[in-house]
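**Q** Before anything else, here's the structure in question.
The values are calculated or read from the model by the stated rules, or taken from the named source; none is laboratory data. Being a predicted model, the structure only gives us computed values, none of them experimental. Note that we place each Cβ from the backbone using ideal geometry, even for glycine, and neighbour counts take in every protein chain shown. Please note that ligands, DNA and RNA were not included when accessible areas were found on the heavy atoms of the full protein model with its side chains. Shrake-Rupley method; radii C 1.70, N 1.55, O 1.52, S 1.80 Å.
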Amino acid sequence: MTPEEYIEKLKEAQRTLDSVKDDLDRAIQRMEKRLETGYEYLEQESRLAALAGREYVKLADSSIYETATAKIEY
């Protein structure tokens, strides 16, 4: 892997982690709205958003590990 590829792979992982933050923000917002309104469906939407974030974390984990352990060739 070239240094440029290494950097790009880490940037991709960073974008994936940004998606995790968005999913967790959405999960929090849904649960807050559920508390305000009492609408039960918002609880399910919160859980789904949190689970989506978890899947992105697993994806980022694999990508970061693969990148960090790759041989960098100059």
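**Q** To the nearest 10 square angstrom, how much accessible area does GLU4 have with a 1.4 angstrom probe?
**A** In the full protein context, GLU4 sits at about 130 Å².
**Q** Please say if the chain is rounded, prolate or oblate, where rounded means a/c under 1.5 for a ≥ b ≥ c the square roots of the C-alpha gyration tensor eigenvalues, and otherwise the choice is prolate for a/b larger than b/c and oblate otherwise?
**A** prolate
**Q** If I fit a long axis through the Cα atoms of helix 3-37 and take the longest principal axis of the Cα atoms of the chain, what angle between them do I get, 0 to 90°, rounded to 10?
**A** 10 degrees
**Q** Taking loop as defined by DSSP and a crowding limit of 13 other beta carbons within 10 Å, which trypsin sites (Lys or Arg not before Pro) in segment 3-74 fit?
**A** Hits after loop and neighbour filter: LYS71.
**Q** Quick one: what are the phi-derived ³J(HN,Hα) couplings along segment 46-51, Karplus 6.51/-1.76/1.60 with θ = phi - 60°, whole Hz, x for glycine and proline?
**A** 4, 4, 5, 5, 5, 5
**Q** Under a 1.4 Å probe, what is the accessible area of the chain per residue, stated in Å²? Write out the running numbers ahead of the final one.
**A** On the way: 5720 Å² over 74 residues.
Averaged over the residues of the chain, the accessible area is 77 Å².
**Q** Find how many whole Å separate the alpha carbon centroid of segment 20-43 from the alpha carbon centroid of segment 45-74.
**A** Centre-to-centre (Cα) distance: 23 Å.
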